[in-house]
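Accompanying notes for the structure given below.
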C-alpha cells in the first residue's frame with residue numbers, strides 16, 4: 001500500500017513538473033527540453049525507484065556462520081584477491097566523500113549563468129540521472145545478493161559479515177553514481193558552453209574523480225573489480241543517455257532569451 005501511494009505521488013509530481021516545464025522552456029535559447037516526447041523517461045526512472053524500494057523492503061537473510069565459513073574456504077579469482085586483502089575503513093570514508101563531490105558538482109552547476117535560465121529542465125535531467133542510477137543499483141543488488149569481498153577476509157569481525165549490507169556487493173552503487181554524476185556534468189557543460197576550449201579538461205577531470213571514487217571501493221574491500229567495472233559502465237551510460245534524450249533540436253547556440261513570463265505571472269497571481 002505504501003509503495004503504491006509512493007508511485008502515485010511520483011506520477012503526480014512528474015505531471016505537474018512536466019506542465020511547468022512546457023510553459024517555462026524557450027525552444028531557441030536552451031540546448032535541452034522536457035515535453036511530451038520525453039516525459040516517459042521520468043516515469044520510467046520513477047518506476048525503477050519504486051521497484052527498487054519494494055525489493056529493498058523484502059526480507060534479506062544475513063549470511064549464516066556456516067555460509068561464511070564455506071565462502072572463506074572457496075577459491076576466488078586472483079584479480080579479486082586485491083579487494084579481499086585491502087579491507088580499509090579509511091578508504092571507504094574517502095570514497096564516500098568523493099561520491100558526495102561527484103553528486104555536488106553537477107547539482108551546483110544549476111547556479112551557473114547559462115544553466116540557471118534553464119534550471120527546471122536541467123533539474124529534471126539531474127533527478128532522472130539519479131533515479132536511473134539508484135533504481136538500477138538497488139534492483140540489481142537485491143536480486144543478485146552477492147557477498148562483499150570483506151566476507152572472505154579472516155581479519156574482519158564476524159558481526160560485520162553477518163549484516164544485510166554484506167550481501168549487496170554487485171554492482172557498486174558508488175561507481176555507478178559517481179560516473180553518472182560526473183558524465184552528466186561534463187556532457188551538459190559541453191552543451192551549454194559549446195564554444196569553450198576546455199571540454200577535454202572538463203572530461204578528464206570528471207572521469208578522474210569518478211574513477212578515484214570507484215577504485216577506492218576496491219581498496220576498501222567493499223567491492224570486487226567486476227562490481228566496479230559494471231557499475232562504472234552503467235553510470236557512464238546513464239549520465240550520457242539522459243541528456244541525449246532531452247536534446248533540443250530547435251536550439252540555436254548563442255541565442256540568449258529569457259524564460260517564458262507565463263510562469264512568473266502565474267506564481268504572482270497565486
Task: Conditions (1) within 30 Å of residue 225 (Cα to Cα); (2) part of a loop (DSSP other than H, G, I, E, B): number failed by residue 137 - done: (2)
TODO: Among what's in region 105-117 and is in a helix (DSSP H, G or I) and in contact with a helix residue (DSSP H, G or I) (Cβ under 8 Å, 6 or more places away or on another chain), pick the residue that is surrounded by the most Cβ atoms within 10 Å (Cβ to Cβ).
DONE: 106
Open item on the list: Checking the structure you have, find out if any residue of region 32-40 is at pLDDT 85 or above, loosely packed, with under 15 Cβ neighbours inside 10 Å and more than 30 Å from residue 152 (Cα to Cα).
Closed with: yes
- [ ] Name the one entry in 241, 209, 204 that is part of a helix (DSSP H, G or I) and farther than 30 Å from residue 80 by Cα.
- [x] 241
Task: Lone unmet requirement of (1) farther than 30 Å from residue 206 by Cα; (2) more than 21 Å from the chain's Cα centre (by Cα); (3) surrounded by fewer than 21 Cβ atoms within 10 Å (Cβ to Cβ) for residue 143 - done: (2)
Task: Residues being surrounded by fewer than 21 Cβ atoms within 10 Å (Cβ to Cβ) and part of a loop (DSSP other than H, G, I, E, B) - total across region 162-178 - done: 3
Open item on the list: Could you check region 78-95 and list, in sequence order, the residues that are under 21 Å from the mean Cα position of the chain (by Cα) and surrounded by 14 or more Cβ atoms within 10 Å (Cβ to Cβ)?
Closed with: 91, 92, 94, 95
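The values are calculated or read from the model by the stated rules, or taken from the named source; none is laboratory data. Just so we're clear, the structure is a prediction, and the values are computed from it rather than from any experiment. Every residue, glycine as well, gets a Cβ built from its backbone with ideal geometry; the counts of neighbours run over all protein chains shown.
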